[in-house]
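The values are calculated or read from the model by the stated rules, or taken from the named source; none is laboratory data. Values in this document were obtained by computation on a predicted structure and should not be read as measured data. Positions of Cβ are generated from backbone atoms using ideal geometry, with glycine treated the same way; all protein chains shown enter the neighbour counts.
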Amino acid sequence: MILVLLGTQNNSFHRLLEEIEKNIKQGTIKEDVVVQAGYTKFESKNMKIFDLIPREQLEQLQAQADLIITHGGVGSIITSIRKEKKVIAVPRIHEYGEHVNNHQIQIVENFNEQQYIIGIEKVEDLQQAIIKAKDFKPKKYEINNDLMLKTIEEFIDKI
(Lines give C-alpha, C1' and ligand atoms only; values in the text may rest on other atoms or scores of the structure.)
Protein backbone atom coordinates (compact mmCIF):
# COMPACT_ATOMS: atom_id res chain seq x y z
CA MET A 1 0.00 0.00 0.00
CA ILE A 2 1.15 3.54 -0.77
CA LEU A 3 0.22 6.24 1.73
CA VAL A 4 0.12 9.84 0.53
CA LEU A 5 0.41 12.57 3.16
CA LEU A 6 -0.49 16.13 2.21
CA GLY A 7 -0.47 17.56 5.72
CA THR A 8 -3.03 19.75 7.44
CA GLN A 9 -2.17 23.19 6.10
CA ASN A 10 -4.86 25.29 4.47
CA ASN A 11 -3.33 24.96 0.98
CA SER A 12 -4.08 22.62 -1.88
CA PHE A 13 -1.50 20.26 -3.38
CA HIS A 14 -3.58 19.21 -6.37
CA ARG A 15 -0.50 18.85 -8.62
CA LEU A 16 0.84 15.93 -6.62
CA LEU A 17 -2.44 14.01 -6.64
CA GLU A 18 -2.80 14.59 -10.39
CA GLU A 19 0.66 13.09 -10.89
CA ILE A 20 -0.14 10.11 -8.65
CA GLU A 21 -3.36 9.54 -10.61
CA LYS A 22 -1.35 9.66 -13.85
CA ASN A 23 1.11 7.07 -12.49
CA ILE A 24 -1.76 4.78 -11.48
CA LYS A 25 -3.27 5.00 -14.96
CA GLN A 26 0.14 4.38 -16.59
CA GLY A 27 0.68 1.32 -14.40
CA THR A 28 3.72 2.63 -12.53
CA ILE A 29 1.64 2.42 -9.35
CA LYS A 30 -0.10 -0.93 -8.96
CA GLU A 31 -0.61 -0.88 -5.17
CA ASP A 32 -3.61 0.49 -3.30
CA VAL A 33 -3.23 4.22 -2.62
CA VAL A 34 -4.59 5.85 0.54
CA VAL A 35 -4.47 9.66 0.75
CA GLN A 36 -4.62 12.00 3.72
CA ALA A 37 -5.50 15.03 1.60
CA GLY A 38 -6.02 17.76 4.19
CA TYR A 39 -7.47 20.73 2.32
CA THR A 40 -6.74 19.34 -1.15
CA LYS A 41 -10.03 18.54 -2.85
CA PHE A 42 -9.52 15.73 -5.34
CA GLU A 43 -11.75 12.95 -6.60
CA SER A 44 -10.48 9.63 -7.86
CA LYS A 45 -11.84 6.13 -8.36
CA ASN A 46 -8.26 4.89 -8.03
CA MET A 47 -7.41 6.24 -4.57
CA LYS A 48 -9.04 6.13 -1.16
CA ILE A 49 -9.02 9.78 -0.08
CA PHE A 50 -9.61 11.20 3.41
CA ASP A 51 -9.53 14.88 4.33
CA LEU A 52 -8.02 14.36 7.75
CA ILE A 53 -7.27 11.12 9.60
CA PRO A 54 -7.13 10.74 13.40
CA ARG A 55 -3.54 10.40 14.64
CA GLU A 56 -3.93 6.75 15.73
CA GLN A 57 -5.33 5.73 12.36
CA LEU A 58 -2.63 7.71 10.54
CA GLU A 59 0.08 5.94 12.54
CA GLN A 60 -1.46 2.56 11.66
CA LEU A 61 -1.51 3.48 7.97
CA GLN A 62 2.12 4.63 8.16
CA ALA A 63 3.07 1.31 9.76
CA GLN A 64 1.26 -0.65 7.01
CA ALA A 65 2.57 1.39 4.08
CA ASP A 66 5.27 0.02 1.79
CA LEU A 67 5.92 3.53 0.46
CA ILE A 68 4.97 6.97 1.69
CA ILE A 69 4.68 9.91 -0.69
CA THR A 70 4.50 13.18 1.18
CA HIS A 71 4.69 16.93 0.87
CA GLY A 72 7.85 18.56 2.24
CA GLY A 73 6.56 19.04 5.77
CA VAL A 74 9.04 18.15 8.50
CA GLY A 75 6.40 16.41 10.62
CA SER A 76 5.23 14.12 7.83
CA ILE A 77 8.79 13.29 6.81
CA ILE A 78 10.13 12.62 10.32
CA THR A 79 7.17 10.51 11.49
CA SER A 80 7.57 8.40 8.36
CA ILE A 81 11.34 7.91 8.47
CA ARG A 82 11.20 7.14 12.20
CA LYS A 83 9.07 4.16 11.18
CA GLU A 84 11.89 3.23 8.75
CA LYS A 85 9.66 3.70 5.71
CA LYS A 86 10.69 4.46 2.18
CA VAL A 87 9.65 8.06 1.61
CA ILE A 88 9.33 10.18 -1.50
CA ALA A 89 8.94 13.86 -0.61
CA VAL A 90 7.78 16.61 -2.94
CA PRO A 91 7.86 20.23 -1.76
CA ARG A 92 4.89 22.52 -2.01
CA ILE A 93 5.83 25.51 -4.18
CA HIS A 94 4.87 29.11 -3.42
CA GLU A 95 4.46 30.07 -7.08
CA TYR A 96 1.63 27.52 -7.38
CA GLY A 97 -0.13 28.88 -4.29
CA GLU A 98 0.71 25.72 -2.35
CA HIS A 99 2.54 27.46 0.50
CA VAL A 100 3.51 30.91 1.79
CA ASN A 101 7.14 30.47 0.69
CA ASN A 102 9.51 27.83 -0.69
CA HIS A 103 11.02 26.54 2.55
CA GLN A 104 9.90 22.98 1.76
CA ILE A 105 12.42 22.88 -1.10
CA GLN A 106 15.28 23.19 1.41
CA ILE A 107 13.67 20.67 3.78
CA VAL A 108 13.32 18.06 1.03
CA GLU A 109 16.84 18.74 -0.27
CA ASN A 110 18.32 18.35 3.21
CA PHE A 111 16.63 15.02 3.99
CA ASN A 112 17.46 13.79 0.47
CA GLU A 113 21.16 14.73 0.79
CA GLN A 114 21.32 12.80 4.05
CA GLN A 115 19.79 9.78 2.25
CA TYR A 116 16.79 9.48 4.56
CA ILE A 117 14.34 9.98 1.67
CA ILE A 118 14.03 10.29 -2.07
CA GLY A 119 13.45 13.99 -2.57
CA ILE A 120 12.21 15.46 -5.82
CA GLU A 121 11.43 19.06 -6.66
CA LYS A 122 9.15 18.53 -9.66
CA VAL A 123 6.05 16.34 -9.59
CA GLU A 124 6.98 15.22 -13.11
CA ASP A 125 9.89 13.31 -11.54
CA LEU A 126 7.55 11.16 -9.45
CA GLN A 127 7.56 8.19 -11.83
CA GLN A 128 11.36 7.89 -11.67
CA ALA A 129 11.28 8.30 -7.89
CA ILE A 130 8.74 5.46 -7.57
CA ILE A 131 10.95 3.22 -9.69
CA LYS A 132 14.01 4.21 -7.62
CA ALA A 133 12.12 3.51 -4.37
CA LYS A 134 11.91 -0.20 -5.17
CA ASP A 135 15.66 -0.60 -4.47
CA PHE A 136 16.13 2.40 -2.17
CA LYS A 137 17.56 1.65 1.28
CA PRO A 138 16.96 4.71 3.46
CA LYS A 139 19.50 5.68 6.05
CA LYS A 140 18.23 4.89 9.55
CA TYR A 141 17.00 8.02 11.27
CA GLU A 142 18.36 8.38 14.78
CA ILE A 143 17.42 11.11 17.18
CA ASN A 144 20.47 12.73 18.71
CA ASN A 145 19.09 13.52 22.16
CA ASP A 146 22.58 14.19 23.57
CA LEU A 147 23.15 16.98 21.06
CA MET A 148 19.70 18.42 21.77
CA LEU A 149 20.29 18.37 25.54
CA LYS A 150 23.72 19.98 25.13
CA THR A 151 22.21 22.74 22.97
CA ILE A 152 19.49 23.40 25.54
CA GLU A 153 21.99 23.40 28.41
CA GLU A 154 24.23 25.88 26.56
CA PHE A 155 21.22 28.09 25.91
CA ILE A 156 20.19 28.01 29.58
CA ASP A 157 23.75 28.77 30.69
CA LYS A 158 23.70 31.94 28.58
CA ILE A 159 20.55 33.27 30.27
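Looking across segment 14-32, the residues that are hydrophobic (A, V, I, L, M, F, W, C) and in contact (Cβ under 8 Å) with a residue 40 or more places away in the chain come down to LEU16, ILE20, ILE29. Do you know which of the residues in segment 75-105 that are more than 14 Å from the chain's Cα centre (by Cα) and surrounded by fewer than 17 Cβ atoms within 10 Å (Cβ to Cβ) is nearest to TYR141 (Cα to Cα)? Among them, the one singled out is HIS103. Taking segment 19-58 as the range and being under 16 Å from PRO91 (Cβ atoms) and not aliphatic (A, V, I, L, M) as the test, the residues that pass are GLU19, GLY38, THR40. Here ILE131 passes the criteria (1) over 21 Å from LYS30 (Cβ atoms); (2) at pLDDT 90 or above except the one numbered (1).
When ILE24 is tested against (1) of a type in the set (Val, Ile, Thr); (2) touching a strand residue (DSSP E or B) at 6+ places or on another chain (Cβ under 6 Å); (3) assigned to a helix (DSSP H, G or I), only condition (2) is not met.
Only one of the numbered conditions (1) more than 8 Å from the chain's Cα centre (by Cα); (2) of a type outside the set (Lys, Arg); (3) under 17 Å from GLN114 (Cα atoms) is not met by ALA63, and that is (3). Across segment 1-41, the number of residues qualifying as at pLDDT below 95 and under 15 Å from VAL87 (Cα atoms) comes to 1.
Please specify each residue of segment 1-19 satisfying the condition of being farther than 17 Å from GLN62 by Cβ and either loosely packed, with under 14 Cβ neighbours inside 10 Å or in contact with a helix residue (DSSP H, G or I) (Cβ under 8 Å, 6 or more places away or on another chain) (or both). Walk me through it before giving the result.
Of segment 1-19, the ones farther than 17 Å from GLN62 by Cβ are 9-19.
ASN10, ARG15, LEU16, GLU18, GLU19 - these are the residues of segment 1-19 that are farther than 17 Å from GLN62 by Cβ and either loosely packed, with under 14 Cβ neighbours inside 10 Å or in contact with a helix residue (DSSP H, G or I) (Cβ under 8 Å, 6 or more places away or on another chain) (or both).
Just a yes or no: is a residue in segment 88-102 modelled with pLDDT of 95 or more and not aliphatic (A, V, I, L, M)?
The answer is yes; a qualifying residue exists.
Can you name the residue in segment 44-87 that is basic (Lys, Arg) and not in a helix (DSSP H, G or I) and is also modelled with the lowest pLDDT among such residues?
Keep residues of segment 44-87 that are basic (Lys, Arg), which gives 45, 48, 55, 82-83, 85-86.
Remaining after also requiring not in a helix (DSSP H, G or I): 45, 48, 83, 85-86.
Values: LYS45: 97, LYS48: 98, LYS83: 94, LYS85: 97, LYS86: 98.
Here the residue is LYS83.
Could you check GLU121 against (1) of a type outside the set (Phe, Trp, Tyr); (2) within 16 Å of the chain's Cα centre (by Cα); (3) at pLDDT 95 or above; (4) part of a loop (DSSP other than H, G, I, E, B) and say which number it fails? Looking at each condition in turn, GLU121 falls short on (3).
Scanning segment 62-84 for residues that are without any contact (Cβ under 8 Å) to a residue 60 or more places away in the chain and under 23 Å from LYS25 (Cβ atoms) yields a count of 0.
Give me the residue from segment 32-51 that is of a type outside the set (Val, Ile, Thr) and touching a helix residue (DSSP H, G or I) at 6+ places or on another chain (Cβ under 9 Å) and, out of that set, surrounded by the fewest Cβ atoms within 10 Å (Cβ to Cβ). Across segment 32-51, the extreme among qualifying residues is LYS41.
Quick one: in segment 134-159, which of the residues that are modelled with pLDDT of 70 or more and of a type in the set (Phe, Trp, Tyr) is nearest to ASN23 (Cα to Cα)? Per the criteria, the residue is PHE136.
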